[in-house]
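Worksheet for the structure shown next.
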Amino acid sequence: MRRSSTALAAALAGTLLFVGASCGAGDSGPELSAEGEKGREIAGTNGCAACHGNNGQGGAGPAWTGLFGSTVELDDGTSVVADEEYIRTSITDPGAQRNAGYTLQMPENSLTDDEIDSVIAYIRDLSPEAVGED
């Protein structure tokens, strides 16, 4: 009986994590471009939002709000500008340049180039200096 309770608890936790990660369409936040909205949906359905937040506010993973164009301190003591190249590398090779202060390793993913472009558009839309740019 204990095994069934443990399995049920694990399944429920996984379901809640998925639902929490994929919801957020009604949450307030900046107005997104069509490509940014697509990126938000991709982040929700691929588990990205579970660590980076439903609206990019961060959590176990770094925040996406205000990220694009900012300076990011890396765990090796160097810093980089969070431009398109840095974000693309962070998605395609998660261990290449790890943010300082985050101990969890981002998992590998199977996003396509088009999906990555959409996620980058979403992250750009979440940055104040990018609001209103097209």
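The values are calculated or read from the model by the stated rules, or taken from the named source; none is laboratory data. Keep in mind the model is a prediction, meaning the values are calculated, not measured. No Cβ is skipped: glycine too gets one built from the backbone with ideal geometry, and neighbour counts run over all protein chains shown.
Listed values, structure above:
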read-out: Number of positions in segment 50-78 that are under 13 Å from the mean Cα position of the chain (by Cα), under 20 Å from residue 128 (Cα atoms) and free of Cβ contacts under 8 Å to residues at least 40 places away in the same chain; value: 7
read-out: Near pairs, Cβ below 6 angstrom, 6+ apart or cross-chain, from segment 90-119 (under 16 Å from residue 39 (Cβ atoms) and touching a residue at least 12 places away in the same chain (Cβ under 8 Å)) to any residue that is basic (Lys, Arg) and buried (at least 17 other Cβ atoms within 10 Å of the Cβ); value: 118/38
read-out: Selection status of residue 96, touching a helix residue (DSSP H, G or I) at 6+ places or on another chain (Cβ under 9 Å) and loosely packed, with under 13 Cβ neighbours inside 10 Å; value: yes
read-out: Flag for residue 111 being out of contact with any Gly (no Cβ under 6 Å at 6 or more places or on another chain), modelled with pLDDT of 95 or more and outside any strand (DSSP E or B); value: yes
read-out: Of all residues in segment 84-93 being part of a helix (DSSP H, G or I) and among the acidic types (Asp, Glu), the one that is surrounded by the most Cβ atoms within 10 Å (Cβ to Cβ); value: 84
read-out: Yes/no for residue 89 being over 17 Å from residue 48 (Cβ atoms), modelled with pLDDT of 95 or more and of a type outside the set (A, V, I, L, M); value: no
read-out: Residues of segment 1-31 classified as buried (at least 17 other Cβ atoms within 10 Å of the Cβ) and either at pLDDT 80 or above or of a type in the set (Ser, Thr, Tyr) (or both), total; value: 1
read-out: From the options 122, 102, residue that is exposed (fewer than 15 other Cβ atoms within 10 Å of the Cβ), aromatic (Phe, Trp, Tyr) and either within 23 Å of residue 31 (Cβ to Cβ) or under 16 Å from the mean Cα position of the chain (by Cα) (or both); value: 102
